[in-house]
Amino acid sequence: MNKILIIDDEPATVEMLSVFLNLNGYEGVGAYNGSDGLVLLEAERPDMLIVDLMMPDIEGFDVCLQVRQKPTFAHTPILIISARTDQDSIRRAYACGANGYLTKPIKNLGDLLGEIQRLMG
C-alpha cells in the first residue's frame, strides 16, 4: 500500500485527507506543521507528499526545498494543496520542487484522486 504524508496545519484537513486516502487504497499519515512533517518524512518514508503552503512554522515552499535537498526524497512526488490561487504562488511552488498544485477547498475529490494517481505513476 502506498503511503502519503499529509503536511497541513489544519487538523480537519489532515483528517479528511487521511480518511479519503484510506478509503481509496492509500495509507495517509499526517503532520500539523512543516517541522513535524520533515521528521515524519524520515521516519515514515512516504511514497508521496501532500503539502499546504501556509503554515505557522515552515512554509510549504521551504518544506519542498528541504525535501528536494534529501537524496532519498529528491524524486518523491509532492502535491501542493493551498488556498493560494495567485500565479506567483503556483509558479514558486513548482520552482521549489512541487509536481502538482490544487487549490482549497477541493470541490471535486475525483480531481484529487486523479492527481494522486497521475503523480504516483
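The values are calculated or read from the model by the stated rules, or taken from the named source; none is laboratory data. In this text the structure is predicted, and so the values were computed from the model without any measurement. Every residue, glycine among them, receives a Cβ derived from its backbone with ideal geometry; neighbour counts consider all protein chains shown.
Some notes on this structure:
- Candidate set: segment 24-39, residues that are part of a helix (DSSP H, G or I) and either small (Gly, Ala, Ser) or touching a Pro at 6+ places or on another chain (Cβ under 8 Å) (or both); chosen: the one farthest from Leu102 (Cα to Cα): Ser35
- Condition check for Met55: closer than 20 Å to Asp9 by Cβ, buried (at least 19 other Cβ atoms within 10 Å of the Cβ) and more than 11 Å from the chain's Cα centre (by Cα): yes
- Scanning segment 58-112 for residues that are surrounded by 11 or more Cβ atoms within 10 Å (Cβ to Cβ), among the small types (Gly, Ala, Ser) and out of contact with any strand residue (DSSP E or B) (no Cβ under 8 Å at 6 or more places or on another chain) turns up just one, Ala95.
- Inspection of segment 6-23 finds a residue satisfying the criterion of being among the small types (Gly, Ala, Ser) and over 19 Å from Ala98 (Cβ atoms).
- In segment 66-79, residue farthest from the chain's Cα centre (by Cα) [restricted to those that are of a type outside the set (Lys, Arg) and part of a loop (DSSP other than H, G, I, E, B)]: Gln69
- Residue in segment 45-56 that is closer than 21 Å to Met120 by Cα, part of a helix (DSSP H, G or I) and of a type outside the set (A, V, I, L, M) present: no
The rows are residues; the columns are (1) under 15 Å from Leu17 (Cα atoms); (2) modelled with pLDDT under 95; (3) not in a loop (DSSP other than H, G, I, E, B).
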| site | (1), (2), (3) |
| --- | --- |
| Glu42 | no, no, yes |
| Cys64 | no, no, yes |
| Ile81 | yes, no, yes |
| Thr85 | no, no, no |
| Ile90 | no, no, yes |
| Gly97 | no, no, no |
| Leu102 | yes, no, yes |
| Ile106 | yes, yes, no |
